[in-house]
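A.B. asks: I'd like to ask some things about the structure below.
The values are calculated or read from the model by the stated rules, or taken from the named source; none is laboratory data. As the structure is a computational prediction, the values presented were derived from the model and not from experiment. Quick reminder, even Gly has a Cβ in these numbers, built from the backbone with ideal geometry, and neighbours come from all protein chains shown. Heavy atoms of the whole protein, side chains included, go into the accessibility calculation; ligands, DNA and RNA do not. Shrake-Rupley method; radii C 1.70, N 1.55, O 1.52, S 1.80 Å.
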Protein chains: 4
Amino acid sequence: MSKYQHIKELAYKANMELPKLNLVIFTFGNVSAADRELGVFAIKPSGVPYEDLSPEKMVIVDFDANIIEGKLRPSSDTKTHAVLYKECEEIGGICHTHSTYATSWAQAQRCIPIYGTTHADHKTVDIPCVPPMHDDRIKGDYEYETGYQIINYLKEKGLSYKEVEMILVGNHAPFTWGKNAEKAVYNSAVLESIAQMALLTEQINPNVTRLKDSLIKKHFERKHGPDSYYGQ
Amino acid sequence: MSKYQHIKELAYKANMELPKLNLVIFTFGNVSAADRELGVFAIKPSGVPYEDLSPEKMVIVDFDANIIEGKLRPSSDTKTHAVLYKECEEIGGICHTHSTYATSWAQAQRCIPIYGTTHADHKTVDIPCVPPMHDDRIKGDYEYETGYQIINYLKEKGLSYKEVEMILVGNHAPFTWGKNAEKAVYNSAVLESIAQMALLTEQINPNVTRLKDSLIKKHFERKHGPDSYYGQ
Amino acid sequence: MSKYQHIKELAYKANMELPKLNLVIFTFGNVSAADRELGVFAIKPSGVPYEDLSPEKMVIVDFDANIIEGKLRPSSDTKTHAVLYKECEEIGGICHTHSTYATSWAQAQRCIPIYGTTHADHKTVDIPCVPPMHDDRIKGDYEYETGYQIINYLKEKGLSYKEVEMILVGNHAPFTWGKNAEKAVYNSAVLESIAQMALLTEQINPNVTRLKDSLIKKHFERKHGPDSYYGQ
Amino acid sequence: MSKYQHIKELAYKANMELPKLNLVIFTFGNVSAADRELGVFAIKPSGVPYEDLSPEKMVIVDFDANIIEGKLRPSSDTKTHAVLYKECEEIGGICHTHSTYATSWAQAQRCIPIYGTTHADHKTVDIPCVPPMHDDRIKGDYEYETGYQIINYLKEKGLSYKEVEMILVGNHAPFTWGKNAEKAVYNSAVLESIAQMALLTEQINPNVTRLKDSLIKKHFERKHGPDSYYGQ
């Protein structure tokens, strides 16, 4: 048995959640699961429908995007995953989808304003939308550059990847991450819900304002602060 | 067997309806069921996915929010439930969700106008939206204050909790209640449907006006008046 | 066995289609099936959830709304069905729902403009929206008056019930009919689809105009004209 | 066994995907599968619900729309399929639906602007919307003319059918095609997703602009260019 079996199974299970959570059609998304000790991650093979996946079909890749094990070609977004794992040392899973509402905000090139406690339960900031890449970078190593597009934007804005965990790549679609692959998928589903409600909120009240700071702080801390009292 | 077994089962069954009715994803909602004789209610444990629930996992809490029985931590919204049970003596069940359309109205901080007979079949008033809490209260006992935010708003507006049964907490999400847990969940689903149709109605006709009083009265009374002729 | 068994089964089957077609939640709709020879119709009992229905629970009513057979109280909309059967002699089934998009157009008090061939495949006219009832009629025999509200509107506008088959009652919700109960339910589902696409069409292009007459005529006739070539 | 058995099975399977992908209700769509060697295609029979279909019920038609084999009447859109097969020599499958969002863009008579990489992954151009037909052609051989309406529009705009593969017929609904029936259905589902996201994008940002050329080129080429690296 492969010594990467555990992350192949984590990646397989997480990928299979995408169609169940209505985050993808056909092959429009990919999840990876990392093993930090071994310095590799397991990722969905490119263009293979979810119903044909199995743990064995996951591809093992290192953080420089070299293929380590696997017969199939990995996701075309593999280099973006590799950059994020390399630069964000506490990430254990990454998820990329073209989910309807989050992708529409990305296409509209707008950050998603924090309008309510559903958002504040997870994040204290607007969901960032990274501006589209410069043309010379598009012509270069595109998926690799997409990773640095995200990393550089976070640095520029003084945002921590541990705090954000969800980002929109302008004109493209969302990437989310977390301590493991399951959490990365969870963040993609939460983002889709936040994205839909933010649009509806603006349609119901075009003059709506952002959530006030005191509520942002309270909701985030009850779930994630040192005295959090959410969960078991 | 616990002497609270009957309300544990009612609370369990009512919580399990939330994902079936598309009112929640993950753990975004909680229902409780009260026993007025025993002065307690059974409520969902915090952060536990619906598919992992069982009647045994429900937590028994009294109306001052003291835990009476149960190994798990109760929902983080438990104190809000406790206040509502304490102040509204005929309530037997409470439901809280972050359902898409009702939550979007709450985020937009607008009451839902009564636009049609679907609304009037259930309520004679606009669905109230309670303004966000003052900062000093947010820093205090937040979930307890959320309960009094609701109670005080109803008093201020001269509304009876028996008449309203559905409310939006501004910037947050809806709470609904009823004679039992099943009815509280029913009210959450009706509210979600009313909330969606109210937005669509305004999109179809931005100059739409509220339902006229004669129709409000007629529809409510045929379902709930002394000469009601709806149901068996 | 009841001599009304055949229409009880038709009404039962047609009612059970409503939740499958996502046209209702809980008990928000009712279908009836008529036997013209016997001068009666079978209709859903009031307030009974679809999952608890059986053919035996259908109530037999005549065209003056007298209960002929059945232990349960019939739908609160029974008198509206009775009036429509009495006045429209070739109708064999009637369906009433609070489906999301059609109800929103009814609440907005707008007729649904004919914007495309999906609409023209079924109807050559805008889907009419009957204005809300006068107050003195609301205080009278409300459901009976709802039937005549529909009938009088059709007469006033010179529309044939055979041509229309779908109508919005202003502030309330749609009624549809057809040669039998199955066709009435089909018309409710088609109406819901037309209603959703008409709103989306206006959102995509606020200056959109109605379908031109030549296309209305062509599409309707290929399905319903003397030389129709749709179906078997 | 019929010598057309293989395309009957392909057409049957492709038609059965339409309700699963939520692209149709009732009988609102049809798919065909061609055999170029034999110069024929298999198409859905007209007005038959998907649940009653079988490979045997598919109708075999040649590229001049003559029925070659089959007991049922073929889809009323058969002549449109025939024209497209005749004029576009590398097409192996065609799909026509009245899917909600694509049909709404067709009714609004607008081309779908390319707003993101989901679109660019599949097409480098806006999804064309062919203007409604002239009245004299509507009165003629309507479905045959619909085929040439599409073909002439592509020629007029200098677009290749191999590049486009998805088109909106103004006031009507979409047609899509591909190397086989499965790919034609895939294109219909992708189009529906693109159509929904394009509307949402404009609602989120009314001043949104088209995707820049460098990104269009990059995304299309990574999936379809000579050095494509998507899929296996």
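A.B. asks: Give me the accessible area buried between chains A and B, both sides summed, with a 1.4 Å probe, in Å² rounded to the nearest 100.
C.D. replies: On the way: alone 11930 and 11930 Å², together 20920 Å².
Interface between A and B: roughly 2900 Å².
A.B. asks: Also, I was wondering about something else. In nm, one decimal, shortest first: how far is the label point of C:Tyr229 (7 Å from Cα along Cα to beta carbon) from the matching points in the other copies?
C.D. replies: Once sorted, the set of distances for C:Tyr229 reads 5.2, 5.2, 7.4 nm.
A.B. asks: Given contacts defined as C-alpha pairs under 8 Å and at least six residues apart, what's the relative contact order of the range A:114-172, whole-number percent? Walk me through the numbers before you get to the answer.
C.D. replies: Numbers: 40 pairs, mean separation 28.6, N = 59.
Normalised by residue count, the contact order of the range A:114-172 is 48 percent.
A.B. asks: Near D:Lys218, which aspartates and glutamates are there with a Cα under 15 Å away, not counting those fewer than 8 places off in the same chain?
C.D. replies: Answer for D:Lys218, where 15 Å is the Cα cut-off: A:Asp77, A:Asp135, A:Asp136, A:Asp141, A:Glu143, A:Glu145, D:Asp121, D:Asp227, listed by chain and number.
A.B. asks: How many partner chain Cβ atoms sit within 10 Å of a residue's Cβ in peptide A:142-153, on average, as a whole number? Intermediate results must be reported in sequence, preceding the final value.
C.D. replies: Numbers: counts 6, 3, 0, 0, 0, 0, 0, 0, 0, 0, 0, 0.
So the per-residue partner count for this stretch is 1.
A.B. asks: If the only charges are +1 at each Lys and Arg Cβ and -1 at each Asp and Glu Cβ, what is the size of the charge dipole of the range D:83-232 around the Cα centre, to the nearest 20 debye? It would help to have the intermediate numbers written out before the result.
C.D. replies: Values: 16 positive and 19 negative charges, 89 e Å.
The calculated dipole for the range D:83-232 is roughly 420 debye.
A.B. asks: Which whole-number percent gives the relative contact order of chain B, counting Cα pairs below 8 Å spaced six or more residues apart?
C.D. replies: Working: 439 pairs, mean separation 50.1, N = 232.
Averaging sequence separation for qualifying contacts and normalising by length gives 22 percent for chain B.
A.B. asks: If you don't mind, there's one more thing I want to ask. Check which residues have an amide H placed less than 5 Å from B:Val40's amide H, if you skip close sequence neighbours.
C.D. replies: Correct list: B:Asp35.
A.B. asks: Please list, in chain and number order, the residues 5+ apart from B:Ile68 or on another chain whose amide H is under 5 Å from its amide H, with Hs placed from the backbone.
C.D. replies: Residues meeting the criterion, in which the H sits 1.01 Å from N, are B:Ile60, B:Val61, B:Asp62.
A.B. asks: With just the Cα atoms defining each centre, how far is the range C:136-202 from the range C:55-132? Give it in Å.
C.D. replies: 6
A.B. asks: For the protein assembly as shown, give the magnitude of the charge dipole about the Cα centre (Cβ charges: +1 Lys/Arg, -1 Asp/Glu; no others), in debye to the nearest 20. Could you put the intermediate results ahead of the total?
C.D. replies: Working: 104 positive and 120 negative charges, 62 e Å.
Using Cβ point charges on Lys, Arg, Asp and Glu, the protein assembly as shown gives about 300 debye.
A.B. asks: Return the sequence-ordered ³J(HN,Hα) values of the range D:105-110 in whole Hz as given by the Karplus equation 6.51 cos²θ - 1.76 cosθ + 1.60 applied to θ = phi - 60°, using x for Gly and Pro.
C.D. replies: Per residue, the Karplus-derived 3J(HN,Hα) values read 5, 4, 5, 7, 6, 10 Hz.
A.B. asks: May I pose another question? List the GluC sites (Glu not before Pro) within the range B:44-101 that DSSP assigns to loop and that have no more than 10 neighbouring Cβ atoms inside 10 Å.
C.D. replies: Working: sites: B:Glu51, B:Glu56, B:Glu69, B:Glu87, B:Glu89, B:Glu90; in loops: B:Glu89, B:Glu90.
Sparse-neighbourhood loop GluC sites (Glu not before Pro): B:Glu89, B:Glu90.
A.B. asks: Tell me the distances, shortest first, between A:Gly47 and the same position across the other copies, using label points 7 Å along Cα→Cβ, in nm to one decimal.
C.D. replies: When each copy's label point is compared with this one, the spacings are 4.3, 4.3, 6.1 nm.
A.B. asks: Here's a follow-up. With the dipole of the range B:121-178 worked out from charges on the C-beta (+1 for Lys and Arg, -1 for Asp and Glu) around the Cα centre, which of B:Gly147, B:Gly158, B:Val130 lies farthest toward the positive end?
C.D. replies: B:Gly158
A.B. asks: Ok, one more. Taking θ = phi - 60°, what integer Hz values does the Karplus form 6.51 cos²θ - 1.76 cosθ + 1.60 yield along the range B:139-155, in sequence order, with x for Gly and Pro?
C.D. replies: Working through the residues one at a time gives 6, x, 8, 4, 5, 4, 5, 4, x, 6, 4, 5, 4, 5, 4, 4, 4 Hz.
A.B. asks: Chymotrypsin sites (Phe, Trp or Tyr not before Pro) within the range D:126-232: which are DSSP loop residues with at most 16 other Cβ atoms inside 10 Å?
C.D. replies: Values: sites: D:Tyr142, D:Tyr144, D:Tyr148, D:Tyr153, D:Tyr161, D:Phe175, D:Trp177, D:Tyr186, D:Phe220, D:Tyr229, D:Tyr230; in loops: D:Tyr229, D:Tyr230.
Of the chymotrypsin sites (Phe, Trp or Tyr not before Pro), the ones in loops of the range D:126-232 whose Cβ has at most 16 other Cβ atoms within 10 Å are D:Tyr229.
A.B. asks: OK, next. Note down the relative contact order for the range B:1-48 as a percent, whole number, built from C-alpha pairs under 8 angstrom at least six residues apart.
C.D. replies: Values: 42 pairs, mean separation 19.1, N = 48.
Relative contact order here is 40 percent.
A.B. asks: Then there's this: With the cut-off at 1.5 for a/c, could you classify the range C:5-224 from its C-alpha gyration tensor as rounded, prolate or oblate?
C.D. replies: On the way: a/c = 1.70, a/b = 1.59, b/c = 1.07.
Since a/c reaches 1.5 and a/b is larger than b/c, the shape of the range C:5-224 is classed as prolate.
A.B. asks: Another one. Which chymotrypsin sites (Phe, Trp or Tyr not before Pro) in the range B:4-99 sit in a loop by DSSP (not H, G, I, E or B) and have at most 16 other Cβ atoms within 10 Å of their own Cβ? Walk me through the numbers before you get to the answer.
C.D. replies: Working: sites: B:Tyr4, B:Tyr12, B:Phe26, B:Phe28, B:Phe41, B:Tyr50, B:Phe63, B:Tyr85; in loops: B:Tyr4, B:Phe26, B:Phe28, B:Phe63.
Loop-located and lightly packed - B:Phe26.
A.B. asks: A further question follows. Please list, ordered by chain and number, the residues whose modelled amide H lies under 5 Å from the amide H of D:Arg73; skip anything fewer than 5 residues away on the same chain.
C.D. replies: So D:Arg73 has HN proximity to D:Ser46.
A.B. asks: Follow-up. I need the shape label for the range C:1-129. Rule: rounded when a/c is under 1.5, else prolate if a/b > b/c, else oblate, with a, b, c from the alpha carbon gyration tensor.
C.D. replies: Details: a/c = 2.08, a/b = 1.57, b/c = 1.32.
Prolate, because a/c is 1.5 or more and a/b exceeds b/c.
A.B. asks: Let me ask another. Kindly provide the helix-only [θ] at 222 nm of the protein assembly as shown, computed as the sum of -39,500 (n - 2.57) over DSSP H runs of four or more divided by all residues, to the nearest 500 deg cm²/dmol?
C.D. replies: Details: 36 runs with 396 residues, N = 928.
Roughly -13000 deg cm²/dmol at 222 nm, from the helical runs in the protein assembly as shown.
A.B. asks: In sequence order, what are the phi-derived ³J(HN,Hα) couplings for the range C:119-134 according to the Karplus relation 6.51 cos²θ - 1.76 cosθ + 1.60 with θ = phi - 60°, rounded to whole Hz, with x for glycine and proline?
C.D. replies: Ordered by residue, 3J(HN,Hα) equals 5, 5, 4, 10, 9, 9, 10, 4, 6, x, 10, 6, x, x, 5, 5 Hz.
A.B. asks: Put +1 on the Cβ of each Lys and Arg and -1 on the Cβ of each Asp and Glu in the protein assembly as shown; which of B:Asn30, B:Leu10, A:Tyr50 then has its Cα farthest toward the positive end of the dipole?
C.D. replies: Of the options given, the answer is B:Asn30.
A.B. asks: Here is a further query. At a Förster distance of 30 Å, what's the computed FRET efficiency of D:Ile67 paired with D:Met16, Cβ-Cβ distance as r, to 0.05?
C.D. replies: Details: r = 22 Å, r/R0 = 0.74.
The pair D:Ile67/D:Met16 has a calculated efficiency of 0.85.
A.B. asks: Let me ask something additional. Probe of 1.4 angstrom, ligands and nucleic acids ignored: what's the accessible area per residue over the range A:5-224, in square angstrom? Write down the numbers at each step before the final one.
C.D. replies: On the way: 8060 Å² over 220 residues.
Averaged over the residues of the range A:5-224, the accessible area is 37 Å².
A.B. asks: Applying 1/(1 + (r/R0)^6) with R0 = 35 Å to the Cβ-Cβ distance of D:Glu163 and C:Glu51, what FRET efficiency is obtained, to the nearest 0.05? Can you show the working numbers first?
C.D. replies: Numbers: r = 51 Å, r/R0 = 1.44.
After rounding, the FRET efficiency stands at 0.10.
A.B. asks: Right, here's the next one. Quick check: at a probe of 1.4 Å, how many percent of the accessible area of the range A:56-155 sits on carbon and sulfur atoms?
C.D. replies: Values: 1600 of 3490 Å².
Of the solvent-accessible surface of the range A:56-155, carbon and sulfur hold 46 percent.
A.B. asks: Compute the Cα gyration tensor for the protein assembly as shown, then decide on rounded, prolate or oblate, letting a ≥ b ≥ c be the square roots of its eigenvalues: rounded whenever a/c is under 1.5, prolate when a/b is larger than b/c in the other cases, and oblate in all that remain. Mind showing how you got there, number by number?
C.D. replies: On the way: a/c = 1.74, a/b = 1.00, b/c = 1.74.
Oblate is the answer for the protein assembly as shown, as a/c is 1.5 or above yet b/c matches or exceeds a/b.
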